Amino acid sequence: MEEKKLSFGEHLGELRRALVVSGIAILVFFIVGVIFSDYLDWALRRPIDDVLPPGSDEPVFLGIFEPILYKLKLGLIGGIIAASPIVFWQVWWFISPGLYPRERRMALP
């Protein structure tokens, strides 16, 4: 891998690119997570369904906006988890040129 010297402004440009790619990935997976939030809700409740008393399988919302916020939170958490490989790849892409070859080998495992 060839080494290239970058100015401070160029480093900031590369950091901005990595942050934009990570943000877009999280946003896309957030939208997908909101679309599939009912499935995420089902998957999170499935382990405790057997121990809950009958009739308590529906959530209780005390506020007007809580059902909407619940779906958005599920979508955001699912989106962050689903986008984490892309975010980690962008972090590695930004950090790895500054590491020595020995440090790169130690960081991969």
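The values are calculated or read from the model by the stated rules, or taken from the named source; none is laboratory data. Values in this document were obtained by computation on a predicted structure and should not be read as measured data. In this analysis, Cβ positions are derived from the backbone assuming ideal geometry, glycine residues included, and neighbour counts consider all displayed protein chains. Just the protein is used for accessible areas: all its heavy atoms, side chains included, with ligands, DNA and RNA removed. Shrake-Rupley method; radii C 1.70, N 1.55, O 1.52, S 1.80 Å.
Below are the figures for this structure:
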read-out: Residue among ASP41, ASP50 that alone is within 23 Å of the chain's Cα centre (by Cα) and acidic (Asp, Glu); value: ASP41
read-out: Pairs, first basic (Lys, Arg) in region 67-85, second assigned to a helix (DSSP H, G or I) and open to solvent by 30 Å² or more (accessible area, probe 1.4 Å), C-beta under 7 Å, six or more apart; value: LYS71/VAL34
read-out: Residue match in region 11-29 (condition: open to solvent by 60 Å² or more (accessible area, probe 1.4 Å), acidic (Asp, Glu) and either part of a loop (DSSP other than H, G, I, E, B) or on the phi < 0 side of the Ramachandran plot (or both)); value: no
read-out: The one condition in (1) modelled with pLDDT under 85; (2) among the aliphatic types (A, V, I, L, M); (3) part of a loop (DSSP other than H, G, I, E, B) that ILE64 fails to fulfil; value: (1)
read-out: Any hit, region 34-51, residues being assigned to a helix (DSSP H, G or I), of a type in the set (Lys, Arg) and surrounded by 13 or more Cβ atoms within 10 Å (Cβ to Cβ); value: yes
read-out: From ASP57, ASP41, residue being more than 30 Å from PRO101 (Cβ to Cβ), in contact with a helix residue (DSSP H, G or I) (Cβ under 8 Å, 6 or more places away or on another chain) and modelled with pLDDT under 90; value: ASP57
